[in-house]
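**Student:** Structure provided below as structure tokens; questions to follow.
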Number of protein chains: 2
Amino acid sequence: MDTYTAPLRDVRFVLEHITPLTDLTATSRFAHAEPDLVAGLLEEAGRFAASAIAPTNREGDAHGARIEDGGVITPDSFKQAYQQYLEAGWGAVQHPPEFEGGGFPLTVANAVKEFITSANMAFSLGPLLTTGAVYLMQHHCSRAQLDTYVPKMVSGEWAGTMNLTEPQAGSDVGAVTTRAVPADDGTYRVTGQKIYITYGEHDLTDNIIHLVLARLPDAPPGTKGISLFIVPKFLVNDDGSLGARNDVEVVSLEHKLGIHASPTCVMAFGERGEGAVGYLVGEPHQGMRQMFTMMNDARLGVGLQGLAIAERAYQQALAYAQDRQQGRGPTTPPGEQAPIIEHADVRRMLMTMKAHIEGVRALCYLNAYALDLAHAAEDEATRDHHTKLADLLTPLSKAWGTDVGVEMTSLAVQVHGGMGFVEETGVAQHYRDARIAPIYEGTNGIQALDLVGRKLPMDGGAFVKGFLGDLRAEVDALPTTLSALTAPLHEGLDVVERTTAWLDAHRDAMDDVAAGATPYLRVLATVVAGVLLARGAAGAQQQLDDGADDDGFLTAKVTVARFFATQIVPTVGGHAAAVTAGAEDLRALTPAQLAP
Amino acid sequence: MDTYTAPLRDVRFVLEHITPLTDLTATSRFAHAEPDLVAGLLEEAGRFAASAIAPTNREGDAHGARIEDGGVITPDSFKQAYQQYLEAGWGAVQHPPEFEGGGFPLTVANAVKEFITSANMAFSLGPLLTTGAVYLMQHHCSRAQLDTYVPKMVSGEWAGTMNLTEPQAGSDVGAVTTRAVPADDGTYRVTGQKIYITYGEHDLTDNIIHLVLARLPDAPPGTKGISLFIVPKFLVNDDGSLGARNDVEVVSLEHKLGIHASPTCVMAFGERGEGAVGYLVGEPHQGMRQMFTMMNDARLGVGLQGLAIAERAYQQALAYAQDRQQGRGPTTPPGEQAPIIEHADVRRMLMTMKAHIEGVRALCYLNAYALDLAHAAEDEATRDHHTKLADLLTPLSKAWGTDVGVEMTSLAVQVHGGMGFVEETGVAQHYRDARIAPIYEGTNGIQALDLVGRKLPMDGGAFVKGFLGDLRAEVDALPTTLSALTAPLHEGLDVVERTTAWLDAHRDAMDDVAAGATPYLRVLATVVAGVLLARGAAGAQQQLDDGADDDGFLTAKVTVARFFATQIVPTVGGHAAAVTAGAEDLRALTPAQLAP
């Protein structure tokens, strides 16, 4: 049952009606990404994900990655799958043509990521980290560094990693203590230990390019004293061939709840001698600023994981609900059993999943679209607007997308009944895999703090106010055939405006603002998604009104948007009290009072 | 970090202020269960759970139960733990004195169950099933059957199991096909296969008494044709010694998401010959009715598992939050780190857990208290009232308790950050273990249908109306010092009354009622718990007003009740729309439209 079909029509629908691809192709940067080309690319990516990657998912979970003779062995099926990935050049889609990339918008590249992540989240993380590393290097490396590393990373021949976390420096990156000392030849010697390094070591590529945060001897304390270094697993000779093995080693792998096939490494730098050879990226002490370059991209990528796993689990639950005969539906003859999809409560679970998945997809794709226009729009005002829009949406995509990922995979388990708790069914794996996404790349609590602490105050609050005004106007402009959506969406926006105003009014008591951050993020994300689905419904309705030949797909878009607006959006009112309660009751109890 | 402390004070507080033990000891049946005796019993149970059982939890998860030479081997530590359990007689607490039981109220016995389940859920399931079997046998077995089996089951020397499910008969028990044919000697020969049999085979006891649902040759179809049989693993000779090995075998064990150490067996009856020897319980075709005898008890027991696992995970998260240094709190000096409990968002997670745990505990204990008075009250009206109260509360305890169990263990993982995803930390186990509880013993969807389909209509709706009126009166009577709770609780009750009225008004469209069942259950359970916590807060406040010497425990009860009333109860308003939406949008899409 655990097969995967890429939701091509759903994605194409978003690119047509919610985040128009034509807005992107209107820019000179993306002019080549014509609809037909994109459609073909997505179709091919969907086929690749479903046929080459999806079948590796269960094996990867069952066997995991393992450490052997100082190396990491990935599951057998991964080697072949990666080879196909590399040959097809999927890693190059979003990178600029100057680095042999496809130059496609992030909006399109993210669709490819969604498919591959649905197919196998543990597999997808290797390429994801490489893509992130390339993105960062493009922006900050010297020409010589670019020429040495980036083309082989874009092609997928080499992999990239991010080395930030240390035992005492998780969310608090400023506490990093890994040291980098200048050597006589202009390079550096890096010494220290990093943890939670995704694909820190593996057997899929000939070389691994580690990007490492470390402190120079003269570094000021905190985040202002962190520099970024390139530390290749194998040094690269001037002719591009591989040279000496660098002093960077995997020490151990974590035994995790999920994504078993993704090696999560403890990495040691400079254990054998005077330090691993490292190359400074850009200027000293700029590591945090450099990392921020890719933060939106990386966080959106993780939000997309919540979406992708939810989609995979939903497909499995839907198939099971049609197959499993149990009990009687409203119209089942006595003595017979009906497929459980006939039960209203199972339908509620399926619709809840489908509506949330479409809502998160709309939000994440809008986020990518905003990032694309932030870079590619012809005029500065448009770039500026979309830069801010992306900044606002990123914590929503990351936190709401991944919370929804956990909740929807849990529902998918529930649809399966007892079979959901049996590992062979496969749906439990999605539930386990999904659980990391609210944690890494900035915990969801940190996303919420980022939202209320940095994003709401943009332009003194004016940006968010303008954005909400645009959403209002969009709701007002819905066609009368969608009038059922209007009132609940307006009420949702009322809640958003009321809670936003409360947070703005309490900026002098940041602890009260922080106390409301998590419920506020849920409120805002849900309402934004509701309006985006309504936008899609309006597009579908227009097509229907224009006499489109509909096989049920377009009417389904209207139904799902209505379900989301009338049954999901109203939940936000229930969170308003927690947003505006302040920190007092949260802090009222001492640890002794909290304890049993 | 993963130790366990029984929440003795919390439980004693419930028994004093929310579900008064004195109401139970006022009956002749429970007169002996004096507060001091109960306090001593609970203290001893808490010590036992923490010291003898809790340390077996990780090993059980890591090694699991395994099958070998046709038998099931439980983890090594389980043998010793079970021996101690047996010697202390913990299994006997709730059974009547005539069977060598302790004769304690279920309310007290459930506290013992809570502690043991928190200590090790997988371990607790064996005793839980035995207790359920004894309970059922007490009510339906012949004197000779009772004498043969029950005393050794009460003592724990023998175990009991429930054999209901078959591949085609899960939620739909009426689809059972296992056959029982009369033999010449008055016994029966049972043939068939059962799945998901918890502790169907193991090495902890000398004998296992299987209670098996099967059909006689002349049985009518459906639930009306199911009979109940005793099928012992070893036949019992007239002198009570063990005789021949019966033809019942474990075929395989499920490989599960959680509760790894609890053997979930596929059982074969009569594979080797003409059938396993079985003994009919009571009259033919009464199996379903007999099973119903123990349903409230069993479902409440599962709700208690949600509570117990949430408590265990909460304790671990609280300890971690005090230990882990990361980032700065509002008052941390620059350059230093603070324990993460100083962060408002971590506080929100901890308070959310604590408040839900106390809410579920209040609900589950009230449910047990109602079951106790349903049997033990001196006058029939009181018995009748509490029978109905227990009937109403049981689906709430089971479904809300176990949903909360999943959600709170997820929060506990989140508090741990990256460490939460690493299995060695132990908190991920709670997240995995908790996931079964919303599934077995009637899925939570079935609980919700039971609530709206069978429980709301009791006395034509008058019972629920009266119950809600009592809750209203209780809120009205709160002391002025708790006035902050009054408005949100009344608003919560408004939502309950409004949605209840809607469901009542739509009884002719059962599909619409079924469509609203799950969100309605959440609404009702949350509000009931809110009022119960307010009841406790009123008791605590009274003690404070009377000048009680408080070390912070009583004021914490007031704070938690206020947090629950003002920040959790308001969420119910958000679910009302889904309760009253009807089934139309749930059923609007065909399977093809639901698919990608």
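The values are calculated or read from the model by the stated rules, or taken from the named source; none is laboratory data. All of these numbers come straight from a predicted model, not from anything done at the bench. Every residue, glycine as well, gets a Cβ built from its backbone with ideal geometry; the counts of neighbours run over all protein chains shown. Ligands, DNA and RNA are stripped out before the accessible areas are found, and what is left, the full protein with its side chains, is counted by its heavy atoms. Shrake-Rupley method; radii C 1.70, N 1.55, O 1.52, S 1.80 Å.
**Student:** Can you list, shortest first and in nm, the gaps between the label point of A:Glu271 and those of its counterparts in the other copies, using a point 7 Å from Cα in the C-beta direction?
**Tutor:** 4.7
**Student:** While we're looking at this one, here's another question. Determine the calculated [θ] at 222 nm for chain B from helices alone, applying -39500 (n - 2.57) to every DSSP H run no shorter than 4 residues and normalising by the residue count; nearest 500 deg cm²/dmol.
**Tutor:** Details: 23 runs with 303 residues, N = 596.
Calculated from helices alone, the mean residue ellipticity at 222 nm is -16000 deg cm²/dmol.
**Student:** Give me the distance between the Cα centres of the range A:181-230 and the range B:48-117, rounded to whole Å.
**Tutor:** Value for the Cα centre distance between the two parts: 51 Å.
**Student:** Put the label 7 Å from Cα along Cα→Cβ for B:Gly466; what are its distances to the other copies, in nanometres, shortest first?
**Tutor:** Output for B:Gly466: 6.3 nm, nearest copy listed first.
**Student:** At the nearest 100 Å², what buried accessible area, both sides summed, do you get for A and B when the probe is 1.4 Å? Could you put the intermediate results ahead of the total?
**Tutor:** On the way: alone 23720 and 23760 Å², together 39880 Å².
In total, this chain pair buries about 7600 Å².
**Student:** Taking amide hydrogens as modeled 1.01 Å from N in the peptide plane, which residues meet the under 5 Å criterion relative to A:Ile73, leaving out close sequence neighbours?
**Tutor:** It is A:Arg66, A:Ile67, A:Glu68, by chain and number.
**Student:** Compute the angle between helix B:106-119 and the longest alpha-carbon principal axis of chain B, please, reported from 0 to 90 degrees and rounded to the nearest 10.
**Tutor:** For helix B:106-119, the angle is close to 90 degrees.
**Student:** Okay, moving on. Starting with the highest mean, order A:192-198, A:116-122 by the number of other Cβ atoms within 10 Å, averaged over the residues of each peptide. Write down the numbers at each step before the final one.
**Tutor:** Values: A:192-198: 22.3, A:116-122: 28.7.
Most protected by this proxy first, the peptides run A:116-122, A:192-198.
**Student:** Within 13 Å, Cβ to Cβ, of B:Val72, how many net charges do the neighbouring residues add up to if Lys/Arg are +1 and Asp/Glu are -1?
**Tutor:** Summing Lys and Arg as +1 and Asp and Glu as -1 gives -3.
**Student:** Right, another one. Diagonalise the Cα gyration tensor of chain A and give the resulting equivalent ellipsoid semi-axes, square root of 5 times each eigenvalue, largest first, whole Å. Can you show the working numbers first?
**Tutor:** Details: eigenvalues 301, 163, 127 Å².
Here the semi-axes work out to 39, 29, 25 Å.
**Student:** Which parts of the range A:311-328, residue by residue, lose 10 Å² or more of accessible area when the rest of the protein chains are there, as against the chain isolated (1.4 Å probe)?
**Tutor:** Buried-area filter returns A:Tyr314, A:Gln315, A:Leu318, A:Gln322, A:Arg324, A:Gln326, A:Gly327.
**Student:** Measure off, as a whole percent, the carbon and sulfur share of the 1.4 Å-probe accessible area of the protein assembly as shown, all protein chains present. Don't jump to the answer; show the numbers that get you there.
**Tutor:** Values: 20690 of 39880 Å².
Here it works out to 52 percent.
**Student:** Can you list the residues of the range B:406-420 whose accessible area drops by at least 50 Å² going from the chain on its own to the full set of protein chains, with a 1.4 Å probe?
**Tutor:** Buried-area filter returns B:Gln414.
**Student:** Another question, if that's okay. Show the residues, 5+ positions off or on another chain, whose built amide H is closer than 5 Å to the amide H of A:Gly243.
**Tutor:** Amide H to amide H, under 5 Å and 5 or more residues apart or across chains, A:Gly243 pairs with A:Leu235, A:Val236, A:Asn237.
**Student:** Another question, if that's okay. Any idea how far the Cα center of the range A:354-368 sits from the one of the range B:575-596, in Å?
**Tutor:** Here the answer is 19 Å between Cα centres.
**Student:** In addition: Run the label-point distances for B:Gly240 please: 7 Å along Cα to Cβ, every other copy, nanometres, shortest first.
**Tutor:** Once sorted, the set of distances for B:Gly240 reads 8.7 nm.
**Student:** Sorted by average packing, counted as other Cβ atoms within 10 angstrom per residue and highest first, what order do A:469-482, B:165-178, B:406-419 take?
**Tutor:** Working: A:469-482: 14.6, B:165-178: 19.0, B:406-419: 24.3.
So the peptides A:469-482, B:165-178, B:406-419, ranked by packing, come out B:406-419, B:165-178, A:469-482.
**Student:** Suppose we compare each residue of the range A:337-354 in its chain alone and in the full protein complex with a 1.4 Å probe; which ones drop by at least 30 Å² of accessible area?
**Tutor:** Flagged in the range A:337-354: A:Gln337, A:Ala344, A:Asp345, A:Arg347, A:Arg348, A:Met351, A:Lys354.
**Student:** From the convex hull of the Cα coordinates of the range A:399-441, what is the mean projected area in square nanometres? Intermediate results must be reported in sequence, preceding the final value.
**Tutor:** Working: hull surface 10.7 nm².
Reported value for the Cα convex hull: 2.7 nm².
**Student:** Another one. Shape verdict for the protein assembly as shown, please, from the Cα gyration tensor: rounded (a/c under 1.5), prolate (a/b greater than b/c) or oblate. It would help to have the intermediate numbers written out before the result.
**Tutor:** Numbers: a/c = 1.60, a/b = 1.52, b/c = 1.06.
Verdict is prolate for the protein assembly as shown.
**Student:** Residue separation times 0.36 nm, minus the C-alpha to C-alpha distance between B:Glu584 and B:Ile67: what's the value? Don't jump to the answer; show the numbers that get you there.
**Tutor:** Values: separation 517, 0.36 × 517 = 186.12 nm, distance 4.84 nm.
So the extension gain works out to 181.3 nm.
**Student:** Per residue, what accessible area does the range A:443-588 have, given a 1.4 Å probe and all protein chains present, in Å²?
**Tutor:** Values: 5100 Å² over 146 residues.
Counting only protein heavy atoms, the per-residue value for the range A:443-588 is 35 Å².
**Student:** Could I ask something else about it? Check the axis relating chain A to chain B and name the residue of A whose C-beta is nearest, distance in whole Å.
**Tutor:** Residue and rounded Å distance to the axis: A:Gly574, 1.
**Student:** While we're looking at this one, here's another question. For the range A:1-116, what is the accessible area per residue in Å² when the probe is 1.4 Å? Walk me through the numbers before you get to the answer.
**Tutor:** Details: 4850 Å² over 116 residues.
Averaged over the residues of the range A:1-116, the accessible area is 42 Å².
**Student:** Using a 1.4 angstrom probe, figure out how much accessible area the range B:214-370 has per residue, in square angstrom, rounded to the nearest whole. Don't skip to the answer; put the middle values down first.
**Tutor:** On the way: 5080 Å² over 157 residues.
The answer is 32 Å² per residue.
**Student:** Can you give the convex hull volume of the alpha carbon atoms of the range A:443-588 per residue, in Å³? If you can, show how the numbers build up before the last one.
**Tutor:** Values: hull volume 15.6 nm³, N = 146.
Taking only Cα atoms, the range A:443-588 has a hull volume of 107 Å³ per residue.
**Student:** If you don't mind, there's one more thing I want to ask. Enumerate the amide H contacts of A:Gly160 below 5 Å, restricted to partners 5 or more residues apart or on another chain; note that Pro and chain-start residues carry no placed amide H.
**Tutor:** Long-range HN contacts for A:Gly160: A:Thr130, A:Ile209.
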